[in-house]
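Below is one structure, written out as structure tokens, with a few remarks after it.
Read-outs throughout are calculated quantities, based only on the coordinates presented, and are distinct from any laboratory measurement. Since the structure is predicted, the reported quantities are computational estimates derived from the model, not experimental observations. Neighbour counts are summed over all protein chains in view; Cβ atoms, including those assigned to glycine, are modelled from backbone coordinates with ideal geometry.
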Amino acid sequence: MVEQIFIFVNLTVVWERPISSINSLFIKAIDFMVTFSFKLFGDSESRTILLELHGEQGQIHELRTPLRITKEMWDEQRQRPINIYLKSCKRLNIRLDRMRIAIASYLDSIGWKFEKVSLKLLASRIRKNVTVRSMTYDPKSLLGNINNYISSRAHLICTSTHKRYIVFFNLLQRFEGYRRRHLMIADVNAEFVREFLSYCKEEAYNNSTAYRTVNFVKTVLNHLEKRGIRTFVYELELPRERKNSTFITLSEDELVKIKRMDLPINLQAARDWLIISCYTGQRVSDFMKFNHTMIENVAGQECISFVQQKTQRNILLPLHPAVLIIKSQNERHFPDKIPSKRYNEQIKEVVRLAGINGLVNIGKRIGFRVLRVAIPKWKAVTSHIGRRSFASNFYGKIPTSLLMEATGHSSEQMFHRYINHIDTERIRSLQLHFEEAYRDKFLNK
């Protein structure tokens, strides 16, 4: 497959941004009156990129680059592929960022002076950075040290954590392309936080994404500090984040409604697993593996003993009566296993058939970003709803320390992220008081 990319960078367009968003490399370009731009070359569908270097007196150097893209794939305003998250475009955008850094680095090395430009040397640098398949990082670079950190912990972290680390790495890599300079450990300070948060805001990333990335960088820097490498980790402070922690749960009344309704036989196992998840508080990767060999009798109480896949914590959990009833209806066994994807599809249908269709506000991916939208509640149901429902339904009724033992949370702060603080029972009680007061004062004569 031919990789295609088209780049068009015109610094006169960039200057329309607010002054605060202009980085130091752009300022150098102005000081020395040197600019560079890209334009399409040729008339075919896949077009070559032509690099133009513009001198102070109107001089122009032209250089063909090895990158290509179709006009339809290019976002002229953002100067990159329209969808940088598609597999092919993601790879191309990485090469685009490498080329931006290589060109700016070369011009920086010659003082941004047009008369010192060597097209042969510049072409060599571009080709080296764009065509290389694996990057060799400077030992003092941030990305190089992050890469080493992830590799060193590969045997200690689960797949989902590794994927999350890679997301952070890729975001920082795009930030480097934006600023046209590699990040060194010495650059990671309070100014880095300010610039990075500004970049994330401009790119419409969620605050939590930006904050988690900075916190991950702090983790890496703390790791380096333990190895005797001096950093500015103490400068990486974040503003207090205001969170809207509302999320979707199933109340006990809704669970009773789901349990008692008639269902087609092909959905009964999904319904049973949904109820089991809501009364055990476990992840789908754990509860879907429940079987009779995990059952233990402790002081006359039937319990289930297992090791959580994500945290590797040993859990001994007494089974709730709702779970015991489901087992008794299945000849003392757990329901048949269901693949995760099919389970997520089937529990949505189960909740829909239960008539739980009030509108809820959730974050939904639209295009490349997550936006808040209102959808019927059944559409928002996923396998994780059981864990959140368990924590929310029993919070305040069972000591938090016992709930944390059941869910496997290591800190109360993490546990509270699973609590839906909208207390439906109190709201219902308050409504009854409203109705009683209204009846006594306005209806009784």
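The peptide list 337-343, 298-304, put in order of mean Cβ contacts within 10 Å with the highest first, becomes 337-343, 298-304.
Net charge of the neighbourhood of Glu72, taken over other residues with C-beta under 12 Å away and scored Lys/Arg +1, Asp/Glu -1, is -1.
In summary, the lysines within cross-link reach of Lys116, defined as a Cα separation below 22 angstrom excluding same-chain residues under 8 places away, comprise Lys28, Lys128.
With a cut-off of 14 Å between beta carbons, the residues surrounding Leu353 carry a summed charge of +4, where Lys and Arg count +1 and Asp and Glu -1. Each peptide in 284-294, 168-178 receives the mean, over its residues, of other Cβ atoms within 10 Å, and ordering these scores from highest gives 168-178, 284-294. Measuring against 32 Å, Cα to Cα, the residue pairs Lys337/Lys379; Lys87/Lys226; Lys39/Lys140 contain Lys87/Lys226; Lys39/Lys140 as the ones spanning a longer distance.
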